[in-house]
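This report refers to the structure that appears directly beneath it.
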Amino acid sequence: MSFDRALRCRECGREYPLAPIFSCEFCFGPLEVAYDYEAMRGRITRESIAAGPATLWRYADLLPCDAAYRVDIGTGFTPLQRADRLAEAVGLRTLWLKNDTVNPTWSFKDRVVSVAIARARQFGFEAIACASTGNLANSVCAHAARSGMEVYVFIPDDLEHGKVVGSAVYHPTLVMVDGTYDDVNRLCTELSQSYPWAFVNINVRPYYAEGSRTLGFEVAEQLGWRAPGACVVPMASGSLFTKIRKGFSEFAELGLIEEPATRMFGAQASGCSPITTAHQAGTLNFVPQKPDTIARSLAIGNPADGYYALKTMQETGGGAEMATDEEIVEGIKLLAETEGIFSETAGGVTVACLRKLVESGAISPEEETVAFITGAGLKTVEAVSGDVADPLRVPARTEVFSEALAERRRAAAEPAGAGAR
Amino acid sequence: MASRRVRFTFEPELVTEPVIYRVGHLYDVVTNIRMADVDERVGWVILELSGEPAEIDRAIAWAEQQGVRVDPLAGDVVEG
Ligand SMILES: Cc1ncc(COP(=O)(O)O)c(C=O)c1O
Ligand SMILES: [Zn+2]
């Protein structure tokens, strides 16, 4: 059963009943789900969790929805993989990768959408909606298809074909908005006020966002019921970043792990870095930006949780870094070549920032670190397709192949970049 | 009558300008501030504008002309 109790304003603390609302009527601050931890304690144990399914529903008692309404396509409990080769490349002793590329629609968004759609059904909504450049749309469409709900997805009209198909295949009502990114923003904010739909990241956002805590829960459980020394997390709105930390804190509150001392580090693309820029300037007040980066999944210029992400960095002694488009591509390749995980651009941002954080000394070589890889590479092949292994082209003849291979090996042995990859 | 909740972001050179005061005088809208913070680098104000929808649009367009960035309260809703 769920122990959600109320919605509480993050600014003034006023409480509201659990309803499809997202901001405080008094101060307009964002609302967050409040739980009855007292009642949870003792009822949620390591054993009760471990006895659950190998999906995020093993944490059903910690989610703000009635699990009877769940739409289960197998989200969560993804691998936490020790990454010794990448650790060595970036200069760390112990590195773990939380591989969330293997979710049903290949990104961590399946976690937030799982909770949002369950809550939406519980509220009695018949339709679900979102505005997205890719991952969120793919996940909303898949979950809606599985549940039979109506689904409306709004996308900018300049998206790559692959991302459009990744939603369209589930046969939603797909709306391509003729206009800028800001126009899509404004339209969807207006529509959310006039249509009786559950907009996953607008009117059910307080519930939706809670789904990201399961990444913190899983990492703590998979490390043997403890929190790591440091986390490196990609940031768009900043929600995922704050919720991973919240997951650790809640586990401690329930006595499942020791009080965490985890330092939280955020990763952004240089072409959209309002949170990192504010952190580096030493302020909690970010300046919104116009995104211009290949990491489109992280391209949120006006991050709803930017302020809270900055506070989390401050409270945990963490920090933030940013990566250029070139560094992002290098990051994707480094991760693939050292650990066998092909991530989308967001993972490139994470790996590139991890490397820079160790280089600058922000993360020490001794610090046990977890890097969150949140989306799969086939979603953004364009980012790297011009810059990967060049095939040996041969006719089907052994001696020609052998000659070509010898030639390739000679070239690879030549010094200073003269060799083909 | 309609109302719209927005976030105004001010660059340093605008922080000292009484933009919100003036928007309420130039246009037939009521401004109601709920939260704000200002430092030497940037300022933001979260407020509600009430009035006829077209008048709210004009008021926002004017504020943007003055160099204020105006965003919906919920932040960007187009996610990755
Ligand atoms: C792959 C991927 N990683 C990370 C994020 C960051 O999410 P948040 O908005 O919670 O910061 C997103 C958001 O769209 C994403 O698509
Ligand atoms: Zn409030």
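The residues on offer are A:316, A:345, A:324, and the sole one that is of a type in the set (Ser, Thr, Tyr) and crowded, with 24+ Cβ neighbours inside 10 Å is A:345.
Looking at the range A:67-168, the strands (runs of 3 or more DSSP E) lying wholly inside it that each contain 1 or more residues that are buried (at least 24 other Cβ atoms within 10 Å of the Cβ), in contact (Cβ under 8 Å) with a residue 24 or more places away in the chain and away from ligand 1 (no atom under 14 Å from the Cβ) sit at A:95-99, A:127-132, A:150-156.
Starting from residues that are within 16 Å of ligand 1 (Cβ to nearest atom) and not in a loop (DSSP other than H, G, I, E, B), keep the ones in the range A:218-237 and report whichever is farthest from residue A:353 (Cα to Cα).
Initial filter on the range A:218-237 (within 16 Å of ligand 1 (Cβ to nearest atom)): A:218-219, A:231-237.
Narrowing the set further to residues that are not in a loop (DSSP other than H, G, I, E, B) leaves A:218-219, A:231-234.
Values: A:218: 23, A:219: 20, A:231: 11, A:232: 8, A:233: 9, A:234: 9 Å.
Ranking the qualifying residues of the range A:218-237, first place goes to A:218.
For the range A:285-294, state whether one or more residues are in contact with a strand residue (DSSP E or B) (Cβ under 8 Å, 6 or more places away or on another chain), buried (at least 24 other Cβ atoms within 10 Å of the Cβ), aliphatic (A, V, I, L, M) and more than 8 Å from chain B (Cβ to nearest Cβ). So far as the range A:285-294 goes, no, none of its residues is in contact with a strand residue (DSSP E or B) (Cβ under 8 Å, 6 or more places away or on another chain), buried (at least 24 other Cβ atoms within 10 Å of the Cβ), aliphatic (A, V, I, L, M) and more than 8 Å from chain B (Cβ to nearest Cβ). Checked against (1) within 14 Å of chain A (Cβ to nearest Cβ); (2) in contact with a helix residue (DSSP H, G or I) (Cβ under 6 Å, 6 or more places away or on another chain); (3) at pLDDT 95 or above, residue B:27 passes all but a single condition, namely (1). Is at least one residue of the range A:249-269 polar (S, T, N, Q) and within 11 Å of chain B (Cβ to nearest Cβ)? So far as the range A:249-269 goes, no, none of its residues is polar (S, T, N, Q) and within 11 Å of chain B (Cβ to nearest Cβ). Looking only at residues of the range A:173-223 that are touching a residue at least 24 places away in the same chain (Cβ under 8 Å) and acidic (Asp, Glu), we find that the one that is nearest to the other protein chains (Cβ to nearest Cβ) is A:210.
Of all the listed residues (A:413, A:389, A:362), the sole one being in the same structural domain as residue A:333 (by TED's automatic domain parsing) and on the phi < 0 side of the Ramachandran plot is A:362.
Assess whether residue A:7 counts as being crowded, with 16+ Cβ neighbours inside 10 Å, more than 16 Å from ligand 2 (Cβ to nearest atom) and either on the phi < 0 side of the Ramachandran plot or not polar (S, T, N, Q) (or both). Spell out the reasoning first.
On the way: crowded, with 16+ Cβ neighbours inside 10 Å: yes; more than 16 Å from ligand 2 (Cβ to nearest atom): no; either on the phi < 0 side of the Ramachandran plot or not polar (S, T, N, Q) (or both): yes.
Criteria not met by residue A:7.
Just to be sure I understand, how many residues within the range A:248-281 are part of a helix (DSSP H, G or I) and surrounded by 24 or more Cβ atoms within 10 Å (Cβ to Cβ)?
Initially, the range A:248-281 is screened for residues part of a helix (DSSP H, G or I), giving A:248-253, A:274-280.
Add one more test, that the residue is surrounded by 24 or more Cβ atoms within 10 Å (Cβ to Cβ), and what stays is A:248, A:251, A:275-276, A:279.
Number satisfying all stated conditions: 5.
Name the pairs: first residue in the range B:40-57 and within 11 Å of chain A (Cβ to nearest Cβ) and closer than 16 Å to residue B:68 by Cβ, second residue among the hydroxyl-bearing types (Ser, Thr, Tyr) and assigned to a strand (DSSP E or B), Cβ to Cβ under 6 Å, at least 6 apart or on different chains? Filtered contacts from the range B:40-57: B:44/B:9; B:47/B:31; B:48/B:3.
Working only within the range A:238-269, note down all residues that are more than 24 Å from residue A:365 (Cβ to Cβ) and more than 16 Å from ligand 1 (Cβ to nearest atom). Break it down into steps so the answer makes sense when it comes.
Going through the range A:238-269, the residues more than 24 Å from residue A:365 (Cβ to Cβ) turn out to be A:238-240, A:242-243, A:246-247, A:249-257, A:259, A:269.
A:249, A:250, A:251, A:252, A:253, A:254, A:255, A:256, A:257, A:259, listed by residue number.
Listed residues A:238, A:211; which is within 17 Å of the chain's Cα centre (by Cα), closer than 20 Å to residue A:35 by Cα and more than 16 Å from ligand 2 (Cβ to nearest atom)? The conditions single out A:211. Which residue is farthest from ligand 2 (Cβ to nearest atom), if the candidates are limited to the range A:181-208 and must be in a helix (DSSP H, G or I) and within 21 Å of the chain's Cα centre (by Cα)? Per the criteria, the residue is A:181.
Among the candidates A:11, A:38, single out the residue that is more than 16 Å from ligand 1 (Cβ to nearest atom), within 14 Å of another protein chain (Cβ to nearest Cβ) and of a type in the set (Asp, Glu).
Details: A:38 fails: within 14 Å of another protein chain (Cβ to nearest Cβ).
Of the residues listed, the single one that is more than 16 Å from ligand 1 (Cβ to nearest atom), within 14 Å of another protein chain (Cβ to nearest Cβ) and of a type in the set (Asp, Glu) is A:11.
The values are calculated or read from the model by the stated rules, or taken from the named source; none is laboratory data. What you see is a predicted model; the values in this text were computed from it and never measured. All Cβ positions, glycine included, derive from the backbone under ideal geometry; neighbour counts span all protein chains shown.
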